[in-house]
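I have placed the structure first, in the form of structure tokens, so that the comments after it can refer back to it.
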Amino acid sequence: QVQLVESGGGLVQAGGSLRLSCAASGRISTINDMAWYRQAPGKQRELVATITSGRSTSHADSVKGRFTISRDNAKNTVYLQMNSLKSEDTAIYYCNAEVVPIGRMAPSLYWGQGTQVTVSS
């Protein structure tokens, strides 16, 4: 089995920073793309940022210049550095990863349980 566990969420004032982490564990052969999503109350889940195994990145327009996705392949961990936070960034943040488990050929998509980020204005 493969598990993703997020950490680093919390309450922060507008203009502040947080760093989210998401660690993958279990019977992992390879991790391809990793990503962060978020879901605000009453809204659909939206893509925040993605990163390939080669560390190519993309960020949603709403977070460009403020958020940075990165990863440590040796630790099977993806990060989201969030700076200049705004009240509209308040949401539950989820990570996902495309993982090839040991003993399999095809990848599967796994999700973390989510971590709450609340930005007070």
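Quick notes
- Condition met for S58 (open to solvent by less than 70 Å² (accessible area, probe 1.4 Å) and assigned to a loop (DSSP other than H, G, I, E, B)): no
- So R55, is it basic (K, R), over 28 Å from T118 (Cβ atoms) and free of Cβ contacts under 8 Å to residues at least 40 places away in the same chain: yes
- The stretch 24-38, subset in contact (Cβ under 8 Å) with a residue 60 or more places away in the chain and open to solvent by 40 Å² or more (accessible area, probe 1.4 Å), residue nearest to S87 (Cα to Cα): D33
- Among (1) within 27 Å of S25 (Cβ to Cβ); (2) assigned to a loop (DSSP other than H, G, I, E, B); (3) modelled with pLDDT of 95 or more, the one test that K64 misses: (1)
The values are calculated or read from the model by the stated rules, or taken from the named source; none is laboratory data. Model, not experiment: these values are computed from the prediction. Note that we place each Cβ from the backbone using ideal geometry, even for glycine, and neighbour counts take in every protein chain shown. Ligands, DNA and RNA are excluded from the accessible area calculation, which covers all protein heavy atoms including side chains. Shrake-Rupley method; radii C 1.70, N 1.55, O 1.52, S 1.80 Å.
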